[in-house]
Amino acid sequence: MPLLTTPALPDGALSARAQPGIDGDRLALRPWQETDVASVVTAFADPAIQRWHCRSLTTAEARQWIAQWQSRWQAETDACWAVTEDGKVAGQIGLRHIDLAEGLAQISYWVLPESRGHRLAPRALTALTDWAFTDLGLHRLELSHSTLNTPSCRVATRCGYLLEGTKRSEARHADGWHDMHSHARLSTDQP
């Protein structure tokens, strides 16, 4: 069935190029590498990351987790970066459920315990947001988190992601169903 609108971005907007590194405020976002396995295992062993991301990973699973990102980039469905500070992995940030035709994606991030308290998440989110709007050309970025995850709410708000509402009992966590805050930022919004 033909669309009556022009896609916001054409097919190939991601796959026609290599996944870039993105520089931010004293940090760098880069594609995941095989040498990052230990950092990924450490991340998913952290109780806070497990609480909000609802998973743990073995070393073999971490290798698979890293390896899948290149194919997801090529399929133009998802993109994920290691957030590095002083050359060391400090967290992750990604675009999930990318819809090029609609010009939108969802944000995901986590920060390793030793890197918390240094505004790493807002600095990484600012860098990725700028790239997604300016270089890639997306129109809308969405960010969702449990209403109990107040640090993520602060990050979203600090980075100009407006709270658009609460989805009742939307996500299942280990301790049960959570209401989720929905934030979004448009390419036309002022930071």
Problem - Charge-dipole axis of the stretch 22-81 as Lys and Arg at +1 and Asp and Glu at -1 on Cβ define it, positive-most pick from Thr77, Gly24, Pro47 - result: Pro47
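Determine the shape class of the stretch 42-142: with a ≥ b ≥ c the square roots of the Cα gyration tensor eigenvalues, call it rounded for a/c under 1.5, and otherwise prolate if a/b is greater than b/c, oblate otherwise. Numbers along the way, then the final one.
Numbers: a/c = 1.94, a/b = 1.34, b/c = 1.45.
Oblate, because a/c is 1.5 or more while a/b does not exceed b/c.
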Practice task
Sticking with the crude label model, points 7 Å out along Cα→Cβ, report the distance from Glu114 to Asp99 in nm, one decimal please.
Solution key: 4.0
Completion exercise
The long-range amide H neighbours of Gly137, using H built 1.01 Å from N in the peptide plane and a cut-off of under 5 Å, are none
Problem - Arg17 paired with Asp86, simple spin-label distance in nm, labels 7 Å along Cα-to-beta-carbon - result: 3.2
Handout entry: Spin-label pair Leu3/Gln190, simplified geometry with 7 Å Cα→Cβ offset, distance in nm
Key = 3.1
Problem - By average C-beta atoms within 10 angstrom, highest first, the peptides 93-106, 8-21 - result: 93-106, 8-21
Exercise for the section: Take the Cβ-Cβ distance between Ser71 and Thr42 as r, set R0 to 30 Å, and report the resulting FRET efficiency rounded to the nearest 0.05. Expected result: 0.80
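Since every read-out is calculated from the coordinates, none of them should be taken as a lab result. Quantities reported herein were computed from a predicted structural model and do not represent experimental measurements. Neighbour counts run over all protein chains shown; Cβ positions are idealised from the backbone, glycine included.
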